[in-house]
Amino acid sequence: MHEENKAAANGCGKIRSGAQNGAALLALMEKTGYSMVQQNGQRKFGGPPPGWEGPPPPRGCEVFVGKIPRDMYEDELVPVFERAGKIYELRLMMEFSGKFIGVCVSLDNCRLFIGAIPKDKKKEEILNEMKKVTEGVVDVIVYPNATDKTKNRGFAFVEYESHRAAAMARRRLIPGTFQPWGHTIQVDWADPEKVVDEETMQRVKVLYVRNLMISTTEDKIKAEFNKFKPGVVERVKKLRDYAFVHFFHREDAVAAMSVMNGKCIDGASIEVTLAKPVNKESSWKQHFNGQISPSSENLLGFPNKEDGTQKSLGKPASLSVRLNGQHSPSPPEVERSTYPIFPGIKLTPISMYSLKLSHFSSAVMHLDYFCHKNSWAPPEYCLYSTTSQDGKILLVYKVLISSIADDSQSYFMPEKLCTTVEDAKELAAQFTLLHL
(Lines give C-alpha, C1' and ligand atoms only; values in the text may rest on other atoms or scores of the structure.)
Protein backbone atom coordinates (compact mmCIF):
# COMPACT_ATOMS: atom_id res chain seq x y z
CA MET A 1 0.00 0.00 0.00
CA HIS A 2 1.32 3.46 -0.90
CA GLU A 3 2.15 5.84 2.00
CA GLU A 4 -0.65 8.19 0.93
CA ASN A 5 -3.15 5.35 1.06
CA LYS A 6 -1.81 4.21 4.44
CA ALA A 7 -2.30 7.68 5.86
CA ALA A 8 -5.81 7.91 4.48
CA ALA A 9 -6.66 4.48 5.85
CA ASN A 10 -5.39 5.50 9.27
CA GLY A 11 -7.50 8.64 9.27
CA CYS A 12 -4.44 10.86 9.46
CA GLY A 13 -4.93 12.89 6.30
CA LYS A 14 -2.56 13.21 3.40
CA ILE A 15 1.20 13.44 3.68
CA ARG A 16 2.67 16.83 2.70
CA SER A 17 6.16 17.69 1.65
CA GLY A 18 8.30 20.18 3.54
CA ALA A 19 7.68 22.80 0.87
CA GLN A 20 3.91 22.29 1.11
CA ASN A 21 4.06 22.65 4.90
CA GLY A 22 6.07 25.84 4.62
CA ALA A 23 3.65 27.34 2.10
CA ALA A 24 0.63 26.45 4.25
CA LEU A 25 2.15 27.99 7.37
CA LEU A 26 3.17 31.18 5.53
CA ALA A 27 -0.36 31.50 4.21
CA LEU A 28 -1.71 31.11 7.75
CA MET A 29 0.57 33.84 9.11
CA GLU A 30 -0.34 36.21 6.26
CA LYS A 31 -4.05 35.56 6.83
CA THR A 32 -4.05 35.94 10.62
CA GLY A 33 -1.15 38.36 11.20
CA TYR A 34 0.21 36.09 13.94
CA SER A 35 3.95 35.51 14.23
CA MET A 36 5.54 32.07 14.51
CA VAL A 37 8.79 31.25 16.33
CA GLN A 38 10.43 27.86 16.89
CA GLN A 39 12.55 27.34 20.01
CA ASN A 40 13.29 24.74 22.71
CA GLY A 41 11.58 21.88 20.87
CA GLN A 42 8.31 23.72 20.30
CA ARG A 43 6.83 26.13 17.77
CA LYS A 44 4.95 29.14 19.14
CA PHE A 45 2.12 30.70 17.16
CA GLY A 46 1.05 34.12 18.47
CA GLY A 47 1.56 35.20 22.06
CA PRO A 48 0.38 37.92 21.83
CA PRO A 49 -1.82 38.06 18.72
CA PRO A 50 -1.75 41.20 16.56
CA GLY A 51 -3.46 44.20 18.11
CA TRP A 52 -3.47 42.70 21.60
CA GLU A 53 -3.50 45.29 24.38
CA GLY A 54 -2.99 44.76 28.09
CA PRO A 55 -1.48 41.84 30.05
CA PRO A 56 -1.57 38.19 28.92
CA PRO A 57 -4.64 36.11 29.85
CA PRO A 58 -4.68 35.06 33.54
CA ARG A 59 -3.82 31.57 34.77
CA GLY A 60 -6.52 29.03 34.03
CA CYS A 61 -7.06 30.12 30.40
CA GLU A 62 -4.77 27.46 28.91
CA VAL A 63 -5.62 23.90 27.91
CA PHE A 64 -3.32 21.00 27.04
CA VAL A 65 -4.12 19.02 23.90
CA GLY A 66 -2.50 15.63 23.44
CA LYS A 67 -2.36 12.83 20.86
CA ILE A 68 -2.37 15.15 17.85
CA PRO A 69 -1.70 13.32 14.54
CA ARG A 70 1.87 13.66 13.28
CA ASP A 71 0.86 15.20 9.96
CA MET A 72 -1.39 17.92 11.39
CA TYR A 73 0.06 21.42 11.69
CA GLU A 74 -1.01 24.93 12.70
CA ASP A 75 -2.87 25.63 9.45
CA GLU A 76 -5.30 22.82 10.37
CA LEU A 77 -5.21 23.14 14.16
CA VAL A 78 -5.86 26.87 14.41
CA PRO A 79 -9.28 26.76 12.66
CA VAL A 80 -10.33 23.89 14.93
CA PHE A 81 -9.36 25.65 18.16
CA GLU A 82 -10.71 29.03 17.02
CA ARG A 83 -14.19 27.53 17.20
CA ALA A 84 -13.89 27.79 20.99
CA GLY A 85 -12.66 31.40 21.03
CA LYS A 86 -9.85 33.78 20.14
CA ILE A 87 -6.41 32.17 20.44
CA TYR A 88 -3.79 34.09 22.42
CA GLU A 89 -0.99 31.59 21.87
CA LEU A 90 -0.55 28.07 20.50
CA ARG A 91 2.59 26.10 21.31
CA LEU A 92 3.09 23.00 19.19
CA MET A 93 5.53 20.36 20.45
CA MET A 94 7.68 18.88 17.71
CA GLU A 95 7.35 15.28 18.91
CA PHE A 96 3.80 13.94 19.00
CA SER A 97 1.80 10.99 17.74
CA GLY A 98 -1.64 9.35 17.79
CA LYS A 99 -5.06 9.77 16.20
CA PHE A 100 -7.64 11.07 18.64
CA ILE A 101 -6.83 14.20 20.59
CA GLY A 102 -7.42 14.63 24.32
CA VAL A 103 -8.14 17.96 25.96
CA CYS A 104 -7.89 18.90 29.64
CA VAL A 105 -7.35 22.07 31.65
CA SER A 106 -3.64 22.90 31.87
CA LEU A 107 -2.34 22.88 35.46
CA ASP A 108 -0.29 25.99 34.73
CA ASN A 109 2.05 25.03 37.57
CA CYS A 110 4.51 27.79 38.46
CA ARG A 111 6.21 26.10 41.40
CA LEU A 112 9.18 23.70 41.53
CA PHE A 113 10.24 21.38 44.34
CA ILE A 114 13.99 21.59 45.08
CA GLY A 115 15.32 18.80 47.30
CA ALA A 116 18.67 17.88 48.88
CA ILE A 117 19.41 21.51 49.83
CA PRO A 118 21.99 21.97 52.62
CA LYS A 119 20.04 22.47 55.82
CA ASP A 120 22.11 25.42 56.98
CA LYS A 121 21.07 27.60 54.02
CA LYS A 122 18.68 30.50 54.67
CA LYS A 123 15.86 31.68 52.43
CA GLU A 124 17.88 34.63 51.08
CA GLU A 125 20.80 32.36 50.10
CA ILE A 126 18.53 29.91 48.29
CA LEU A 127 16.66 32.75 46.57
CA ASN A 128 19.90 34.35 45.33
CA GLU A 129 21.24 30.99 44.12
CA MET A 130 18.06 30.26 42.14
CA LYS A 131 18.09 33.75 40.61
CA LYS A 132 21.66 33.21 39.42
CA VAL A 133 20.81 30.31 37.14
CA THR A 134 17.09 30.67 36.37
CA GLU A 135 14.87 33.51 35.21
CA GLY A 136 11.49 34.66 36.46
CA VAL A 137 11.97 33.72 40.15
CA VAL A 138 9.24 35.36 42.24
CA ASP A 139 9.74 33.77 45.65
CA VAL A 140 11.30 30.89 47.56
CA ILE A 141 9.34 29.04 50.23
CA VAL A 142 11.52 27.45 52.91
CA TYR A 143 10.26 25.66 56.01
CA PRO A 144 12.27 25.42 59.24
CA ASN A 145 13.36 22.06 60.58
CA ALA A 146 10.88 20.54 63.03
CA THR A 147 13.50 19.97 65.73
CA ASP A 148 15.94 22.82 65.00
CA LYS A 149 14.36 26.08 63.83
CA THR A 150 17.76 27.49 62.80
CA LYS A 151 17.92 24.95 59.95
CA ASN A 152 15.70 24.25 56.95
CA ARG A 153 14.13 20.89 56.14
CA GLY A 154 16.43 20.10 53.26
CA PHE A 155 14.01 21.24 50.56
CA ALA A 156 12.36 24.39 49.25
CA PHE A 157 9.72 25.50 46.76
CA VAL A 158 10.63 28.03 44.09
CA GLU A 159 7.78 30.13 42.68
CA TYR A 160 8.14 31.48 39.12
CA GLU A 161 6.28 34.22 37.29
CA SER A 162 4.81 31.80 34.75
CA HIS A 163 4.49 28.12 33.91
CA ARG A 164 6.88 28.59 31.01
CA ALA A 165 9.51 30.15 33.30
CA ALA A 166 9.12 27.24 35.72
CA ALA A 167 9.41 24.68 32.89
CA MET A 168 12.58 26.33 31.56
CA ALA A 169 14.02 26.42 35.08
CA ARG A 170 13.22 22.75 35.60
CA ARG A 171 15.12 21.91 32.44
CA ARG A 172 18.03 24.10 33.54
CA LEU A 173 18.19 22.55 37.01
CA ILE A 174 18.29 18.91 35.91
CA PRO A 175 20.52 17.06 38.42
CA GLY A 176 24.15 16.97 37.36
CA THR A 177 24.01 20.20 35.35
CA PHE A 178 23.80 22.54 38.33
CA GLN A 179 25.32 21.95 41.78
CA PRO A 180 24.69 24.83 44.19
CA TRP A 181 27.05 24.87 47.16
CA GLY A 182 28.67 21.75 45.71
CA HIS A 183 25.54 19.63 46.19
CA THR A 184 23.55 17.66 43.62
CA ILE A 185 19.97 18.82 44.08
CA GLN A 186 16.66 17.13 43.24
CA VAL A 187 14.21 18.95 41.00
CA ASP A 188 10.57 18.18 40.27
CA TRP A 189 7.22 19.87 39.84
CA ALA A 190 5.61 20.78 43.15
CA ASP A 191 2.18 19.27 43.73
CA PRO A 192 -0.43 21.82 42.61
CA GLU A 193 -2.12 23.64 45.47
CA LYS A 194 -5.55 22.33 46.29
CA VAL A 195 -8.23 24.70 45.01
CA VAL A 196 -11.30 25.09 47.21
CA ASP A 197 -14.25 27.17 46.05
CA GLU A 198 -14.91 30.46 47.85
CA GLU A 199 -18.33 29.36 49.10
CA THR A 200 -16.78 26.40 50.93
CA MET A 201 -13.95 28.49 52.37
CA GLN A 202 -16.51 30.95 53.76
CA ARG A 203 -17.75 28.17 56.07
CA VAL A 204 -14.35 27.10 57.39
CA LYS A 205 -13.86 27.53 61.14
CA VAL A 206 -10.60 25.59 61.51
CA LEU A 207 -7.14 27.18 61.47
CA TYR A 208 -3.97 25.52 60.16
CA VAL A 209 -1.01 26.42 62.39
CA ARG A 210 2.51 25.53 61.29
CA ASN A 211 6.10 26.04 62.46
CA LEU A 212 5.33 24.92 66.02
CA MET A 213 7.95 23.45 68.32
CA ILE A 214 7.84 19.67 68.69
CA SER A 215 7.58 20.15 72.44
CA THR A 216 4.55 22.46 72.27
CA THR A 217 1.47 20.64 73.57
CA GLU A 218 -2.13 20.78 72.37
CA ASP A 219 -3.12 22.29 75.72
CA LYS A 220 -0.57 25.09 75.27
CA ILE A 221 -1.85 25.85 71.76
CA LYS A 222 -5.46 25.90 72.98
CA ALA A 223 -4.55 28.24 75.84
CA GLU A 224 -2.69 30.64 73.51
CA PHE A 225 -5.57 30.81 71.01
CA ASN A 226 -8.08 31.29 73.84
CA LYS A 227 -6.19 34.31 75.19
CA PHE A 228 -7.74 36.86 72.83
CA LYS A 229 -11.25 35.59 73.64
CA PRO A 230 -11.70 32.87 76.29
CA GLY A 231 -13.64 29.73 75.43
CA VAL A 232 -13.71 30.11 71.62
CA VAL A 233 -11.55 27.05 70.83
CA GLU A 234 -13.40 23.75 70.57
CA ARG A 235 -10.37 21.45 70.26
CA VAL A 236 -6.79 21.23 68.95
CA LYS A 237 -5.19 18.41 66.95
CA LYS A 238 -1.38 18.62 66.77
CA LEU A 239 0.78 16.53 64.43
CA ARG A 240 4.52 16.94 64.91
CA ASP A 241 5.21 20.66 64.23
CA TYR A 242 1.80 21.73 62.90
CA ALA A 243 -1.73 21.69 64.26
CA PHE A 244 -5.40 22.23 63.43
CA VAL A 245 -7.27 24.54 65.79
CA HIS A 246 -11.07 24.03 65.69
CA PHE A 247 -13.34 26.92 66.73
CA PHE A 248 -17.01 26.90 67.68
CA HIS A 249 -17.74 29.88 65.39
CA ARG A 250 -16.18 31.01 62.10
CA GLU A 251 -15.96 34.69 63.10
CA ASP A 252 -13.75 33.74 66.04
CA ALA A 253 -11.51 31.65 63.77
CA VAL A 254 -11.04 34.57 61.37
CA ALA A 255 -10.33 36.98 64.23
CA ALA A 256 -7.84 34.57 65.81
CA MET A 257 -6.04 34.15 62.50
CA SER A 258 -5.40 37.90 62.29
CA VAL A 259 -4.27 38.12 65.92
CA MET A 260 -2.13 34.97 66.11
CA ASN A 261 -0.36 34.90 62.74
CA GLY A 262 3.32 35.67 63.39
CA LYS A 263 3.03 35.30 67.17
CA CYS A 264 5.62 33.34 69.15
CA ILE A 265 4.71 30.16 71.01
CA ASP A 266 7.53 28.52 72.98
CA GLY A 267 10.04 30.58 70.98
CA ALA A 268 8.74 29.69 67.52
CA SER A 269 7.12 32.24 65.19
CA ILE A 270 3.96 30.51 63.96
CA GLU A 271 2.12 30.83 60.64
CA VAL A 272 -1.67 30.72 60.76
CA THR A 273 -4.08 30.29 57.82
CA LEU A 274 -7.56 28.94 57.25
CA ALA A 275 -7.44 25.18 56.85
CA LYS A 276 -8.56 23.84 53.49
CA PRO A 277 -11.28 21.19 53.84
CA VAL A 278 -10.45 17.60 52.97
CA ASN A 279 -12.65 14.73 51.88
CA LYS A 280 -14.74 13.29 54.73
CA GLU A 281 -13.12 9.90 54.26
CA SER A 282 -9.73 11.62 54.69
CA SER A 283 -7.16 12.67 52.19
CA TRP A 284 -4.96 9.79 53.32
CA LYS A 285 -7.42 7.25 51.90
CA GLN A 286 -7.51 9.29 48.68
CA HIS A 287 -3.72 9.32 48.65
CA PHE A 288 -3.73 5.55 48.46
CA ASN A 289 -6.01 5.78 45.44
CA GLY A 290 -8.81 3.90 47.15
CA GLN A 291 -6.59 0.82 47.48
CA ILE A 292 -6.67 0.56 51.29
CA SER A 293 -8.19 -2.75 52.31
CA PRO A 294 -11.13 -2.89 54.76
CA SER A 295 -8.87 -4.49 57.38
CA SER A 296 -6.33 -1.68 57.03
CA GLU A 297 -9.08 0.93 57.42
CA ASN A 298 -10.21 -0.63 60.68
CA LEU A 299 -6.65 -0.91 61.98
CA LEU A 300 -5.90 2.74 61.25
CA GLY A 301 -9.14 4.02 62.70
CA PHE A 302 -10.98 5.18 59.58
CA PRO A 303 -14.80 5.45 59.84
CA ASN A 304 -16.62 2.15 59.83
CA LYS A 305 -19.00 2.15 56.87
CA GLU A 306 -21.62 0.25 58.86
CA ASP A 307 -21.82 2.35 62.01
CA GLY A 308 -20.19 5.60 60.82
CA THR A 309 -17.99 5.84 63.92
CA GLN A 310 -14.42 7.11 64.08
CA LYS A 311 -12.24 4.60 65.90
CA SER A 312 -8.93 6.22 66.86
CA LEU A 313 -6.59 8.52 65.01
CA GLY A 314 -8.98 11.14 63.65
CA LYS A 315 -8.48 12.76 60.25
CA PRO A 316 -4.86 12.37 59.13
CA ALA A 317 -3.05 14.76 56.83
CA SER A 318 -2.04 13.53 53.39
CA LEU A 319 1.58 13.00 52.38
CA SER A 320 1.14 15.78 49.82
CA VAL A 321 0.85 18.21 52.73
CA ARG A 322 4.28 17.22 53.95
CA LEU A 323 5.92 17.48 50.52
CA ASN A 324 4.32 20.69 49.47
CA GLY A 325 3.66 22.51 52.71
CA GLN A 326 -0.02 22.83 51.91
CA HIS A 327 -3.11 20.73 51.22
CA SER A 328 -2.93 19.37 47.71
CA PRO A 329 -4.95 17.06 45.51
CA SER A 330 -4.15 13.40 45.80
CA PRO A 331 -2.23 11.72 42.96
CA PRO A 332 -4.29 10.26 40.13
CA GLU A 333 -5.36 6.66 40.48
CA VAL A 334 -2.82 4.13 39.29
CA GLU A 335 -4.03 1.88 36.50
CA ARG A 336 -3.28 -1.50 38.04
CA SER A 337 -3.12 -3.62 34.90
CA THR A 338 -0.62 -5.94 33.27
CA TYR A 339 0.72 -5.65 29.75
CA PRO A 340 2.56 -8.23 27.64
CA ILE A 341 6.30 -7.87 26.98
CA PHE A 342 6.58 -8.24 23.24
CA PRO A 343 9.78 -9.62 21.65
CA GLY A 344 12.29 -6.88 21.00
CA ILE A 345 10.67 -4.36 23.36
CA LYS A 346 13.22 -2.00 24.91
CA LEU A 347 13.42 -1.94 28.73
CA THR A 348 15.31 0.91 30.39
CA PRO A 349 16.76 0.61 33.92
CA ILE A 350 15.44 3.38 36.20
CA SER A 351 15.46 4.29 39.87
CA MET A 352 12.18 4.14 41.80
CA TYR A 353 12.98 7.64 43.06
CA SER A 354 12.62 9.00 39.53
CA LEU A 355 8.94 8.00 39.53
CA LYS A 356 5.96 10.00 40.75
CA LEU A 357 4.10 9.36 44.00
CA SER A 358 1.14 8.15 41.94
CA HIS A 359 3.15 5.05 40.95
CA PHE A 360 3.10 3.74 44.53
CA SER A 361 0.08 2.24 46.26
CA SER A 362 1.59 1.04 49.56
CA ALA A 363 2.62 3.07 52.59
CA VAL A 364 5.93 1.19 52.80
CA MET A 365 6.94 2.46 49.35
CA HIS A 366 5.61 5.96 50.10
CA LEU A 367 7.69 6.17 53.28
CA ASP A 368 10.85 5.05 51.48
CA TYR A 369 10.20 7.64 48.75
CA PHE A 370 9.46 10.37 51.32
CA CYS A 371 12.69 9.73 53.24
CA HIS A 372 14.68 9.88 50.01
CA LYS A 373 13.00 13.17 49.02
CA ASN A 374 14.04 14.72 52.34
CA SER A 375 17.62 13.37 52.17
CA TRP A 376 17.05 11.08 55.17
CA ALA A 377 18.36 7.57 55.65
CA PRO A 378 16.00 4.78 54.53
CA PRO A 379 13.48 3.83 57.23
CA GLU A 380 14.53 1.01 59.57
CA TYR A 381 11.88 -1.49 60.72
CA CYS A 382 12.28 -3.34 64.04
CA LEU A 383 9.82 -6.20 64.54
CA TYR A 384 8.29 -7.03 67.97
CA SER A 385 5.82 -9.72 68.99
CA THR A 386 3.55 -10.74 71.83
CA THR A 387 1.02 -13.51 72.42
CA SER A 388 -2.72 -12.92 72.67
CA GLN A 389 -4.93 -14.57 75.29
CA ASP A 390 -6.02 -17.19 72.77
CA GLY A 391 -2.43 -18.03 71.86
CA LYS A 392 -2.08 -16.05 68.63
CA ILE A 393 1.25 -14.44 67.75
CA LEU A 394 0.68 -10.69 67.35
CA LEU A 395 3.19 -8.42 65.62
CA VAL A 396 4.11 -4.73 65.53
CA TYR A 397 6.94 -2.80 63.89
CA LYS A 398 8.81 0.16 65.36
CA VAL A 399 10.12 2.50 62.63
CA LEU A 400 13.34 4.49 62.98
CA ILE A 401 13.74 7.62 60.83
CA SER A 402 17.24 9.13 60.79
CA SER A 403 18.29 12.49 59.35
CA ILE A 404 21.59 12.14 57.51
CA ALA A 405 22.36 15.85 57.83
CA ASP A 406 22.08 16.35 61.61
CA ASP A 407 22.11 12.75 62.92
CA SER A 408 18.74 13.23 64.62
CA GLN A 409 16.52 10.18 65.07
CA SER A 410 12.80 9.67 65.55
CA TYR A 411 10.89 6.51 66.46
CA PHE A 412 7.32 5.70 65.49
CA MET A 413 5.23 2.70 66.55
CA PRO A 414 1.46 2.23 66.11
CA GLU A 415 -0.64 1.25 69.10
CA LYS A 416 -2.19 -1.72 67.32
CA LEU A 417 -0.94 -5.25 66.69
CA CYS A 418 -1.36 -7.35 63.55
CA THR A 419 -1.47 -11.07 62.82
CA THR A 420 0.75 -10.94 59.71
CA VAL A 421 4.15 -9.39 59.05
CA GLU A 422 2.90 -7.67 55.90
CA ASP A 423 0.01 -5.94 57.71
CA ALA A 424 2.26 -4.94 60.60
CA LYS A 425 4.81 -3.31 58.29
CA GLU A 426 2.16 -1.51 56.24
CA LEU A 427 0.45 -0.23 59.39
CA ALA A 428 3.76 1.00 60.83
CA ALA A 429 4.57 2.86 57.60
CA GLN A 430 1.10 4.44 57.50
CA PHE A 431 1.38 5.48 61.15
CA THR A 432 4.83 6.99 60.57
CA LEU A 433 3.70 8.98 57.54
CA LEU A 434 0.78 10.38 59.51
CA HIS A 435 3.10 11.68 62.20
CA LEU A 436 6.03 13.01 60.16
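The values are calculated or read from the model by the stated rules, or taken from the named source; none is laboratory data. On a predicted model such as this, the values are computed, not experimentally measured, just so you know. Only protein heavy atoms, including side chains, enter the accessible area calculation; ligands, DNA and RNA are left aside. Shrake-Rupley method; radii C 1.70, N 1.55, O 1.52, S 1.80 Å.
Worth pointing out:
- Å³ per residue enclosed by the Cα convex hull of segment 111-189: 74
- Cα-only Debye scattering, segment 204-243: base-10 log of I(q)/I(0) at q = 0.28, 0.33 Å⁻¹: -1.03, -1.25
- Interchain or long-range residues, amide H under 5 Å from Q186's placed H: G115, A116
- What segment 113-199 shows is 50 Å² of accessible area per residue, with the surface traced by a 1.4 Å probe over protein heavy atoms.
- Karplus-derived 3J(HN,Hα) values for segment 422-432, using 6.51 cos²θ - 1.76 cosθ + 1.60 with θ = phi - 60°, are 4, 5, 5, 5, 5, 5, 5, 5, 4, 4, 5 Hz; glycine and proline are entered as x.
- Other-chain or far-sequence residues with amide H under 5 Å of I68's (modelled H): S97
- The share of alpha-carbon pairs in segment 20-93 lying farther apart than 18 Å comes to 39%.
- Beyond 28 Å in Cα-Cα separation lie the following of the pairs K222/K276; K238/K425; K44/K131; K205/K425: K205/K425.
- Each Cα pair of segment 198-274 feeds into the Kirkwood radius, which the Stokes-Einstein equation turns, at 37 °C and 0.692 mPa s, into a diffusion coefficient of 269 µm²/s.
- Eigen-decomposition of the gyration tensor built on the alpha-carbon atoms of segment 163-247 gives equivalent ellipsoid semi-axes of 39, 20, 8 angstrom, largest listed first.
- The relative contact order of segment 20-93 comes to 42 percent, based on Cα pairs under 8 Å that sit 6 or more residues apart.
- Over segment 353-435, the reciprocal of the mean inverse Cα-Cα separation, the Kirkwood hydrodynamic radius, stands at 13.5 Å.
- Sequence-ordered 3J(HN,Hα) estimates for segment 49-64 from the Karplus curve with 6.51, -1.76 and 1.60 and θ = phi - 60° stand at x, x, x, 5, 10, x, x, x, x, x, 4, x, 9, 10, 10, 9 Hz, glycine and proline given as x.
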